[in-house]
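In what follows, a structure is listed as structure tokens, so that the remarks can point back to it.
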Amino acid sequence: GGLTAGDYTFVQAPGNATALSITARPLVVSAVDQTRVYGDANPATIPVTADNLVNGDTIGSASITSAATIGSGVGNYALTPASANFATGLASNYAITYTPGTLAITPRPLMVTPADQTRYYGDANPLFGAVVADNLANGDTLGASTLSSIATVQSDVGSYALMSGPAAFTQGSAGNYTISYAPGTLAVTPR
């Protein structure tokens, strides 16, 4: 009869085998966007996300750097991740690239109140005076402000609302604050 496959033994020749190559999986690690108020410290812990983890691998943390300091003004600053630490899995299984997040520094709330003033009946109201601010940060300071009141020279003895004009910063910037104004008191006393 004829020849059949059962009559032969097949052997793979050396050097002709196809090798299986496993390459590192692409992985993008991104810092999660954060927000803080002007004058507060940067967040102590900044989480990261990873877009392509497999086999139950997880990232525990990454180092994050930013140019923002406690004294940085209102605005957006980069949060740059690096050196991802794997909680499970191996970093060598991934080709890691890093994407920065954003740290948004928002205005600090600030209440400005004129320091209470006293004058005699018949005298003119004070036109300029000190103000008190409740929530200044980073060594910022306010100077004196213009003052106004519904009281006039003819107003009777008593207490009247005293308002300040726009806050004038001697150090710092109004742009770092959301400013509200509260009335102080003008006391008109007997002459």
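Here the chain is treated with +1 on each Lys and Arg Cβ and -1 on each Asp and Glu Cβ, and its dipole about the Cα centre works out to around 240 debye. Using a probe of 1.4 Å on the protein chains alone, the accessible area found for residue 98 is around 80 Å². Charged neighbours of residue 27, selected by a Cβ distance under 10 Å, balance to -1 (K, R count +1; D, E count -1).
Among 98, 72, 133, whose Cα projects farthest towards the positive end of the dipole of the chain, with charges put on the beta-carbon of Lys, Arg (+1) and Asp, Glu (-1)? About the Cα centre, the residue reaching furthest to the positive side is 133.
For residue 25, nonlocal amide neighbours, meaning residues 5 or more places apart or on other chains whose placed amide H falls under 5 Å from its own, are 94, 95.
The values are calculated or read from the model by the stated rules, or taken from the named source; none is laboratory data. Values in this document were obtained by computation on a predicted structure and should not be read as measured data. We place every Cβ from the backbone using ideal geometry, glycine too, and count neighbours over all the protein chains shown. Protein only, heavy atoms only, side chains kept; ligands, DNA and RNA dropped before computing areas. Shrake-Rupley method; radii C 1.70, N 1.55, O 1.52, S 1.80 Å.
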